[in-house]
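One structure is given below, encoded as structure tokens.
The values are calculated or read from the model by the stated rules, or taken from the named source; none is laboratory data. Since the structure is predicted, the reported quantities are computational estimates derived from the model, not experimental observations. We place every Cβ from the backbone using ideal geometry, glycine too, and count neighbours over all the protein chains shown. Surface areas here come from the heavy atoms of the whole protein model, side chains and all, with no ligands, DNA or RNA. Shrake-Rupley method; radii C 1.70, N 1.55, O 1.52, S 1.80 Å.
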Amino acid sequence: MRSKIVAGNWKMNKNLEETLVLLAQLSAKMGETDAEVMVAPTFVNLAQAVQAVKGSPIEVMAQNMHFAESGAYTGEISADMLLGVGIKTVIIGHSERRAYFGETDAILEKKVKAALAKNLRVMFCFGEELKDRKEGNHFNLVESQLKNALFSLDAGAWKHLVLAYEPVWAIGTGETASPGQAQEMHAFIRKTIANAYGADIANGVSILYGGSVKPGNAAEIFSKADVDGGLIGGASLVADDFNAIIQAI
Ligand code: 13P
């Protein structure tokens, strides 16, 4: 059975002090939930964040990593460095990495393989831009993102993958995909995986929706059959909002 997941991507927000305050607020106020709850602070605060959530159901994950084991890659972070501070899951392929840091499908494929080789779980992000949707090319685009970065993986790799469909036009814009649009795309993603790997693998993978999820729209989006949770940006920076979204699932 695939799990329900509510994950917060804090992006380039929250210094160390703010990170510890937000984590304390989250754990103090978090109600009962069946969902996995995860947050991704910035690299420099990961080690202390991991210590801070010990004993709570919150998992701390990373926002990115490099594909190389080690070496002359100034400013980059390896899988071993993440493992060394207790990280078990890494986000790969966020649209901001693709748009601002030139991460192509080919680079992302290398990152996914490098993470899985180290037994990290991968939360793989993808999604179309507004122009793709306007041109009616969104299904093709999403299919090519999946194929190019993930479909060379062995079937066994899929139990270590979580997918996050994040339409770029809905990220940080206040504009959300309608629950119907989200369900339509999530069902398409599952069908595309089923065609390549079979129904069991497709039905076992959690597919999260991301893009302007807020306390007011989360329950309806999460109620859709193929939506297994959310990857939350802005609203994950406010404890009450993130907790409300966790309760919505
Ligand atoms: P927002 O929730 O701020 O739209 O961000 C979504 C996102 O990019 C999560 O990775």
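Of all residues being surrounded by 15 or more Cβ atoms within 10 Å (Cβ to Cβ) and within 14 Å of LEU116 (Cα to Cα) in the stretch 63-82, which is nearest to the chain's Cα centre (by Cα)? Just the residue, please.
For the stretch 63-82, the residue satisfying everything is ASN64.
Would you pick out the residues in the stretch 213-237 that are open to solvent by 20 Å² or more (accessible area, probe 1.4 Å), assigned to a helix (DSSP H, G or I) and either hydrophobic (A, V, I, L, M, F, W, C) or touching a Gly at 6+ places or on another chain (Cβ under 7 Å) (or both)?
Of everything in the stretch 213-237, those that are open to solvent by 20 Å² or more (accessible area, probe 1.4 Å), assigned to a helix (DSSP H, G or I) and either hydrophobic (A, V, I, L, M, F, W, C) or touching a Gly at 6+ places or on another chain (Cβ under 7 Å) (or both) turn out to be ALA219, GLY234, LEU237.
Any residue at all in the stretch 169-176 that's modelled with pLDDT under 95, in a helix (DSSP H, G or I) and more than 15 Å from VAL37 (Cα to Cα)? Talk me through it step by step, then tell me what you get.
Within the stretch 169-176, the subset modelled with pLDDT under 95 is 169-176.
Okay, now just the ones that are also in a helix (DSSP H, G or I), so 169-170.
Filter once more, so that each one left must be more than 15 Å from VAL37 (Cα to Cα): 169-170.
Looking for residues that are modelled with pLDDT under 95, in a helix (DSSP H, G or I) and more than 15 Å from VAL37 (Cα to Cα), one finds at least one in the stretch 169-176, hence yes.
How many of the residues in the stretch 139-162 are assigned to a helix (DSSP H, G or I) and open to solvent by 20 Å² or more (accessible area, probe 1.4 Å)? Can you show your working first?
Start the filter on the stretch 139-162 by keeping residues that are assigned to a helix (DSSP H, G or I), which leaves 139-150, 155-160.
Among the residues that remain, those that are also open to solvent by 20 Å² or more (accessible area, probe 1.4 Å) are: 139-141, 143-144, 147-148, 155-156, 159-160.
Within the stretch 139-162, residues that are assigned to a helix (DSSP H, G or I) and open to solvent by 20 Å² or more (accessible area, probe 1.4 Å) number 11.
Give the number of residues within the stretch 103-136 that are under 23 Å from SER212 (Cβ atoms) and open to solvent by 30 Å² or more (accessible area, probe 1.4 Å).
The number of residues fulfilling the criteria is 7.
So, in the stretch 1-15, exactly how many residues are open to solvent by less than 70 Å² (accessible area, probe 1.4 Å), within 17 Å of MET61 (Cβ to Cβ) and not hydroxyl-bearing (Ser, Thr, Tyr)? Steps first, please.
First, the residues of the stretch 1-15 that are open to solvent by less than 70 Å² (accessible area, probe 1.4 Å): 2-3, 5-11, 13-14.
Adding the requirement that they be within 17 Å of MET61 (Cβ to Cβ) leaves 3, 5-11, 13-14.
Filter again for not hydroxyl-bearing (Ser, Thr, Tyr), leaving 5-11, 13-14.
So the answer is 9.
Yes/no per residue for (1) within 15 Å of the ligand (Cβ to nearest atom); (2) without any contact (Cβ under 8 Å) to a residue 24 or more places away in the chain; (3) within 27 Å of ASN13 (Cα to Cα); (4) crowded, with 16+ Cβ neighbours inside 10 Å:
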position	(1), (2), (3), (4)
GLU166	yes, no, yes, yes
THR173	yes, no, yes, no
ALA177	yes, no, yes, yes
LYS191	no, yes, no, no
ALA199	no, yes, no, no
GLY211	yes, no, yes, yes
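Residue check: is LYS224 of a type outside the set (Val, Ile, Thr), modelled with pLDDT under 95 and more than 16 Å from the ligand (Cβ to nearest atom)? If you could, list the steps in order and put the result at the bottom.
Values: of a type outside the set (Val, Ile, Thr): yes; modelled with pLDDT under 95: no; more than 16 Å from the ligand (Cβ to nearest atom): yes.
No.
On the given criteria, is GLN181 open to solvent by 10 Å² or more (accessible area, probe 1.4 Å), within 16 Å of the ligand (Cβ to nearest atom) and touching a Phe, Trp or Tyr at 6+ places or on another chain (Cβ under 9 Å)?
Details: open to solvent by 10 Å² or more (accessible area, probe 1.4 Å): yes; within 16 Å of the ligand (Cβ to nearest atom): yes; touching a Phe, Trp or Tyr at 6+ places or on another chain (Cβ under 9 Å): no.
Answer is no for this residue.
Considering each residue of the stretch 90-131, count those that are on the phi > 0 side of the Ramachandran plot and either within 11 Å of the ligand (Cβ to nearest atom) or aliphatic (A, V, I, L, M) (or both), and give that number.
Applying the first criterion (on the phi > 0 side of the Ramachandran plot) to the stretch 90-131 yields 93, 102, 119, 127.
From what is left, the residues that are either within 11 Å of the ligand (Cβ to nearest atom) or aliphatic (A, V, I, L, M) (or both) are 93, 127.
Counting residues in the stretch 90-131 that are on the phi > 0 side of the Ramachandran plot and either within 11 Å of the ligand (Cβ to nearest atom) or aliphatic (A, V, I, L, M) (or both) gives 2.
Restrict the check to the stretch 146-155 and report whether at least one residue is under 17 Å from SER3 (Cα atoms), of a type outside the set (D, E, K, R) and either modelled with pLDDT of 95 or more or away from the ligand (no atom under 16 Å from the Cβ) (or both). Walk me through it before giving the result.
So the first thing to find is which residues in the stretch 146-155 are under 17 Å from SER3 (Cα atoms), and the list is none.
Looking for residues that are under 17 Å from SER3 (Cα atoms), of a type outside the set (D, E, K, R) and either modelled with pLDDT of 95 or more or away from the ligand (no atom under 16 Å from the Cβ) (or both), one finds none in the stretch 146-155, hence no.
Select from the stretch 16-45 the residues that are among the β-branched types (Val, Ile, Thr) and surrounded by fewer than 22 Cβ atoms within 10 Å (Cβ to Cβ) and write down the one among them that is farthest from ALA244 (Cα to Cα). Let's see the steps before the verdict.
Keep residues of the stretch 16-45 that are among the β-branched types (Val, Ile, Thr), which gives 19, 21, 33, 37, 39, 42, 44.
Going one step further and asking which of them are surrounded by fewer than 22 Cβ atoms within 10 Å (Cβ to Cβ), we end up with 21, 33, 42, 44.
Numbers: VAL21: 18, THR33: 11, THR42: 23, VAL44: 27 Å.
Among residues in the stretch 16-45 that are among the β-branched types (Val, Ile, Thr) and surrounded by fewer than 22 Cβ atoms within 10 Å (Cβ to Cβ), the one farthest from ALA244 (Cα to Cα) is VAL44.
Please identify the pairs in which a residue from the stretch 133-146 that is farther than 13 Å from ASP105 by Cβ has its Cβ atom under 6 Å from the Cβ atom of a residue that is of a type in the set (Asp, Glu) and surrounded by 14 or more Cβ atoms within 10 Å (Cβ to Cβ), counting only partners at least 6 apart or on another chain.
What qualifies is HIS138/GLU128; HIS138/ASP132.
Can you confirm whether LEU208 is under 24 Å from GLN63 (Cα atoms), modelled with pLDDT of 95 or more and touching a strand residue (DSSP E or B) at 6+ places or on another chain (Cβ under 8 Å)?
Values: under 24 Å from GLN63 (Cα atoms): yes; modelled with pLDDT of 95 or more: yes; touching a strand residue (DSSP E or B) at 6+ places or on another chain (Cβ under 8 Å): yes.
Judged against the criteria, LEU208 is a match.
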